[in-house]
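The values are calculated or read from the model by the stated rules, or taken from the named source; none is laboratory data. All figures in this text were calculated on a predicted structure; none of them were measured in a lab. Here Cβ is always computed from backbone atoms with ideal geometry, including for glycine, and neighbour counts include all displayed protein chains.
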Amino acid sequence: MKNQTRRNFLSKLLLSSASIIGLYSNTKSLNARILTTPTHTEGPFYPINKPIDQDADLTFLNNNKKLAQGDIHILKGRVLDINKEPISNALVEIWQANKWGRYQDQRDQSNLPWDKNFQGYGRVNTSENGDYSFRTIKPSGYNYNGIKRTPHIHFKITNEAKNIFITQMYFAGETENEQDMFLQNIKRKSSVVVDFKALPNNEKMGTFDIIVG
Ligand SMILES: [Fe+2]
C-alpha cells in the first residue's frame, strides 16, 4: 500500500472507530435515561433518631408481638445498576407514614394517631442477587404544609462506595395518586407505582425493582 493510500485507510478506520464508540456511549447514556428509577428528594421525615428496632419487619416493635394497625404488605424487589446487573450488599432503608398517615416521628406535628406498635423505618442489605424484602403496612396519604400526598414509601439506597440514591414507591389504583404533584411530575410513573396482589392469607405482595443511576 502506498503511503498516501495507507494514511487514508488509517484515518477512515479511526473515524469509523470513533463513530462506533460515540454511538455506543450515546446508547449507554440513552439507556441510563430510559431505565433509571426516577429520584426524589429525601423529604422532611427521614428519621434522625432511628428506632431501636430497625429490621426489615416494620409490623411490630422489638419483642412486642402486638401488630401495627393496617393492611400487611410484603414489599420485595431487586437493586440493579443501569446495565440491570444486581448490586449486592447495598443498604436499603425505607420509612413511611402509619395507617393514618402520620410518621412515627416527633417532627410530624399532625393530630393523626400515633401507632405505638409500628416501626416506621426499616433497613436491610441486598443479597448477592440484589434482592431485598420488607414486611410492612400500607400507609395513608397525608397533608404536609398544604401539600397533599398520596400513600407512598420512601427508599434510600446506599452502595458499598457510599453513593446514595433516593426514591419513593407508590400504590397502584390509589385514587389520591392523581392529586399528588410529586407523582404527577414523574415522567415514567409506572416505574415507581407498584401493583400489590392479594395472597391467600389476606396479606398483599408487590415487587419494586430499583435501577440506580
Ligand atoms: Fe412522605
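Go through the range 117-155 and report how many residues are β-branched (V, I, T), within 17 Å of D57 (Cα to Cα) and within 16 Å of the ligand (Cβ to nearest atom).
Taking the range 117-155 first, the residues β-branched (V, I, T) are 124, 126, 136-137, 147, 150, 153.
From what's left, within 17 Å of D57 (Cα to Cα): 124, 126, 136-137, 153.
From what is left, the residues that are within 16 Å of the ligand (Cβ to nearest atom) are 136-137, 153.
Number satisfying all stated conditions: 3.
Would you say T158 is among the polar types (S, T, N, Q) and either surrounded by 20 or more Cβ atoms within 10 Å (Cβ to Cβ) or touching a helix residue (DSSP H, G or I) at 6+ places or on another chain (Cβ under 8 Å) (or both)?
Values: among the polar types (S, T, N, Q): yes; either surrounded by 20 or more Cβ atoms within 10 Å (Cβ to Cβ) or touching a helix residue (DSSP H, G or I) at 6+ places or on another chain (Cβ under 8 Å) (or both): no.
No: the conditions fail for T158.
Kindly establish whether S133 is modelled with pLDDT of 95 or more, over 24 Å from R107 (Cα atoms) and among the hydroxyl-bearing types (S, T, Y).
Judged against the criteria, S133 is a match.
Kindly evaluate N89 against the criterion of being more than 16 Å from the ligand (Cβ to nearest atom) and over 16 Å from the mean Cα position of the chain (by Cα).
Answer is no for this residue.
Is there a residue in the range 187-210 that is closer than 25 Å to I72 by Cβ, more than 17 Å from the chain's Cα centre (by Cα) and modelled with pLDDT under 95?
Looking through the range 187-210, at least one residue is closer than 25 Å to I72 by Cβ, more than 17 Å from the chain's Cα centre (by Cα) and modelled with pLDDT under 95.
Of the conditions (1) touching a Leu at 6+ places or on another chain (Cβ under 6 Å); (2) not acidic (D, E); (3) not in a loop (DSSP other than H, G, I, E, B), G101 fails just one. Which one is it?
(3)
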